[in-house]
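What follows is calculated from the coordinates using simple rules that are stated; it is not laboratory data. Because the structure is a prediction, the values reported are computed rather than measured. Using ideal geometry, Cβ is built from the backbone for each residue, glycine included, and neighbour counts are taken over all protein chains shown.
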Amino acid sequence: MAEVKKNEEPRIGVFVCHCGTNIAGSIDVKAVMEYARTLPNVAIADDYQYMCSTPGQNKIAEAIAEQKLTGVVVAACSPRLHEPTFRNATKAGGLNPFRFEMANIREQNSWVHMHQPEEATAKAKDAVRIAVAKASLLEDLVPKSVPVEKAAMVVGGGVGGMQAALDLANAGIKTYLVEKSPTIGGRMSQLDKTFPTLDCSQCILTPKMVDVYRNEGIELLTYTEVEQVEGYIGNFDVTLRKKARGVITPAEAEARGIVGGGCTGCGDCVDVCPVIKPNPFELGMAPRKAIYIYHPQVSPLIYTVDFDACVKCGLCVEACGEKKAVDLEMKDELMTVKVGTVVLATGYDIFPIEKKFEWGYKNYDNVITSLEFERLICASGPTGGHLVRPSDGETPKKIAFVLCAGSRDSTGVGKPYCSRFCCMYSLKHAHQIIEKIPGAIPYIFYMDIRSFGKMYEEFYYRIQDEGAKFIRGRVANILEDPVTKNLHVNAEDTLLGRPIDMEVDMVVLAAAVQPTAETEKTRRLFGVSCSQDGWLLEAHPKLNPCGTTTAGVYLAGVCQGPKDIPDTVAQAEGAASAASIPIHRGEVELEPYFAQCMEEKCAGCGLCVNQCPYGALSLVEKDGRTVMQVTEAKCKGCGTCGGFCPGGAIWMQHFATPQIVAQIDAFLLGGEQ
Amino acid sequence: MADENWKPKIIAIICNWCSYAGADLAGGARIQYPPDIRAIRVMCTGRIDPLFILKAFQDGADGVLVSGCHFGDCHYLEGNFKAAKRMFLLKSVLKNIGLDDKRLRMTFVSASEGAKWGMVMEDVIKTINELGPSPLKEFAR
Ligand SMILES: Cc1cc2nc3c(=O)[nH]c(=O)nc-3n(C[C@H](O)[C@H](O)[C@H](O)COP(=O)(O)OP(=O)(O)OC[C@H]3O[C@@H](n4cnc5c(N)ncnc54)[C@H](O)[C@@H]3O)c2cc1C
Ligand code: SF4
Ligand code: SF4
Ligand code: FES
């Protein structure tokens, strides 16, 4: 238990920051500082332009030494931003860092009351008074160091997750790569080419997939989902569900004593399987059997049985023969792994664009999405790379591309945000049809072309020069000619200021992207927040774009918000680097906001025990009576027990009852009534 | 209203992870709201002992706002459920001692809901302005 220095006379130093004009623009900083001098326990008050600057921090350290301060208050920005800075300054002055308290007079005052200087100044004075009251009662605390498990987990095996896993493993960290589908690769393996270089997507992706598969530091867990997460940074216990895939690997066969057995990927089973289902990898445009692989380049190359479709006829078992790879009785397995840090890279889904019914997707045969276009133009896709009209198999010549389909849409049906890669991949699509189909003309209906990346604007010019037609305007509706199945695209050309009715052979909707359906479940398992649009929330939009508010959990790729492949890979490398730091340091410091039992007050009623979500509390016999005991390693410092104990016997370090009551009293009873 | 110069004294006790972060976000976005609320930060709304709120009313607070994460989003899993239960019970206590239970409000504002925080501020202040000064004020020491 931390030593409580009792009966010392509090001597508090108060420092009020101008933050340039950020604070001083609406708050009379000098008046707040003068007011602080009149408060009980305040030994010194000062103000400064930028308290977070080196001279500002030095002021704190010097005052602690000169004035023999017992506590420090800085009235400035949010403690969520600069509490660590000023705690360090407090420490530098020779005081325990937990004797520091912050008054937020910027985010929650000067910035939100910009036109009410008098009220803002009064509110700042109250905030300082409240902070001084708490600082007067603060005690020395020592952060708890815990060891960090030398292993990491990456959830999601798209290009982002693969990159993060490779970096972590190559930094010498044992890494579990958890992918829910039967293969790694993610959306990128569905793409034909990639802008702006027009590299073949699979060609640049498969070497990475092979690297992941071969890397000894990576334990690849495909067809696996996260079931449960316990613990905290350094010590996450993650329970995984290895879904029954009905087929065993050579290694698993060996473990079962089947010599030379296990799936070799020969595909003999597929030929005999009588059940036909649509292949989700081909977006339902091609069939697959009940025993399947998504595409020839899957990694790992192991077949999977779709038990929802399988009729258990056993023909595949027979076809497989001596390899004995098919096990139709396989059951899901649970396994638990311990990791120090986690990277989430769970990607995205396509917005169900049929909701924008005015464009007729799923109603009109020849209206397709861009992802379907990718599969149709891809040589390994369902049509061998021949773009055809679904209605009659003819090659389309006039093709309309509708950009921002469901993106930048404030009607409430679509998404308000920009999906960030649709402009660029639509330019790529335009190029592809000009290249592949002689005489074909792409008509691009756009709002603005966002070609923001390196060599992107140049790519845009190139596509213009190649003959793509650009029409600036949102498409109001699309109507189908019932006989020809051609489509009439109705829009307003906002540059010429006139309506357009254009007949085309095919329409490609650049549909918005959205968080996957399981994002909500995943983020709750890991205690990560989301932004209003459902993407996982980074710790800070500018300064901590890979971190989350849950220590030890990091983000990579589109799960954090739409981004193209280069940005996904860059963020993945950032997340991997951030996730490797605690592991390489070997230990992390936890804030010491633990619960403590004040045994003399504890009645041993045990009511608090069930309040704790982490099972940190128990009853023990001590000196002949029953008292509560806290297991510090389990306590996360939420204070739920402390808010409940009827006898007030629980001391919440740094948020103790007397400290909070002092804040309440200081606001309501102190000051100018 | 009895006192012409009366301005409501409202205290907000808010959790670090959601509502405090949401309030910071409102600041970053320069969302303007009336200045009558003072906030105290706790790590989780589960920390809030009903006695804190009774103490605030005893001290003459005109209103108390408790704000945390949405259900299912609490940084500590279920602190906000516990808090909501306690606030619910506390509301009946308030009624028994003759206080309008609208003076105690619990809201759920996430770290990304800066605009919502502004609306909550407006709304709480409006409610308390309509209710007028707390009848307990004269007993406050
Ligand atoms: C039509 C179209 C064309 C595009 N063309 C280009 C282009 O030319 N150039 C370019 O740079 N970008 C392009 N993009 C964007 C590109 O697809 C993304 O940038 C990239 O795929 C993002 O990778 P990711 O790893 O973040 O997500 P994803 O590729 O979506 O991978 C996520 C992975 O996580 C898995 N997963 C999801 N949830 C879970 C879970 N709960 N547990 C375990 N695993 C899970 C998924 O199965 C998937 O394998 C295009 C996008 C579209 C729609
Ligand atoms: S047992 Fe199932 S997977 Fe195997 S062939 Fe029959 S239907 Fe297909
Ligand atoms: S503070 Fe929270 S985590 Fe710690 S013992 Fe109390 S209820 Fe459990
Ligand atoms: S952490 Fe916000 S309510 Fe529990």
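Odds and ends about this structure:
- Listing A:Asp409, A:Asp140 from fewest to most neighbouring C-beta atoms within 10 Å gives A:Asp140, A:Asp409.
- In chain A, the DSSP-assigned H stretches of four residues or longer account for a calculated mean residue ellipticity at 222 nm of -8000 deg cm²/dmol, using -39500 (n - 2.57) per stretch and the full residue count as denominator.
- Share antiparallel - DSSP beta bridges, region A:352-514, percent rounded to 5: 40
- Length gained on full extension, A:Ser391 to A:Glu492: 33.6 nm, using 0.36 nm per residue less the C-alpha separation.
- Label-point separation in nm, A:Asn610 to A:Glu227, each point 7 Å along Cα→Cβ: 2.7
- Cβ-defined net charge surrounding A:Lys331, 12 Å radius [Lys, Arg +1; Asp, Glu -1]: 0
- Fewest-first ordering of A:Met455, A:Met628 by other beta carbons within 10 Å of each residue's beta carbon gives A:Met455, A:Met628.
- Inter-centroid distance (Cα atoms) of region A:551-571 relative to region A:454-475, Å: 27
- The protein assembly as shown - convex hull of alpha carbons, volume per residue in Å³: 207
- Estimated FRET transfer efficiency when R0 is 41 angstrom, pair B:Ser92-A:Arg37 (beta carbons, to 0.05): 0.40
- Those lysines that a straight Cα-Cα span of less than 30 Å connects to A:Lys485, excepting residues fewer than 8 apart in one chain: A:Lys193, A:Lys277, A:Lys355, A:Lys356, A:Lys362, A:Lys397, A:Lys398, A:Lys415, A:Lys428, A:Lys436, A:Lys469
- Sorting A:Tyr303, A:Tyr223, A:Tyr213 by the number of Cβ atoms found within 10 Å of their own Cβ, with the fewest placed first, yields A:Tyr213, A:Tyr223, A:Tyr303.
- Cβ-Cβ FRET estimate between A:Lys521 and A:Glu589, R0 fixed at 22 Å, reported to 0.05: 0.10
- DSSP-loop GluC sites (Glu not before Pro) across region A:374-474, with at most 16 other Cβ within 10 angstrom: A:Glu394
- From largest to smallest, the equivalent ellipsoid semi-axes obtained for region A:572-673 from the alpha-carbon gyration tensor read 31, 24, 10 Å.
- Placing pseudo-labels 7 Å out from each Cα toward the beta carbon at A:Met335 and A:Leu543 gives an inter-label distance of 4.1 nm.
- When you work out D = kT/(6 pi eta Rh) for region A:595-652 at 37 °C and 0.692 mPa s, using the Kirkwood radius from C-alpha pairs as Rh and the Stokes-Einstein form, the result is 298 µm²/s.
- Segment A:Ala92-A:Ala570, extension gain: residue separation times 0.36 nm, minus the distance between their alpha carbons: 168.5 nm
- Rounded FRET efficiency, nearest 0.05, which uses the C-beta distance separating A:Met447 from A:Gln532 and R0 of 25 Å: 0.70
- Note on region A:228-302 and region A:165-184: Cα centroid distance 17 Å, given to the nearest whole angstrom.
- Applying Stokes-Einstein at 20 °C and 1.002 mPa s to the Kirkwood radius of region B:7-141, computed over alpha-carbon pairs, gives a translational diffusion coefficient of 145 µm² s⁻¹.
- Label zone of A:Glu66 (point 7 Å out along Cα→Cβ, amide N under 13 Å): in region A:78-121 this covers no residue at all.
- Site pair B:Lys7 and A:Ser380 shows an inter-label distance of 6.8 nm when each label is modelled 7 Å from Cα along Cα→Cβ.
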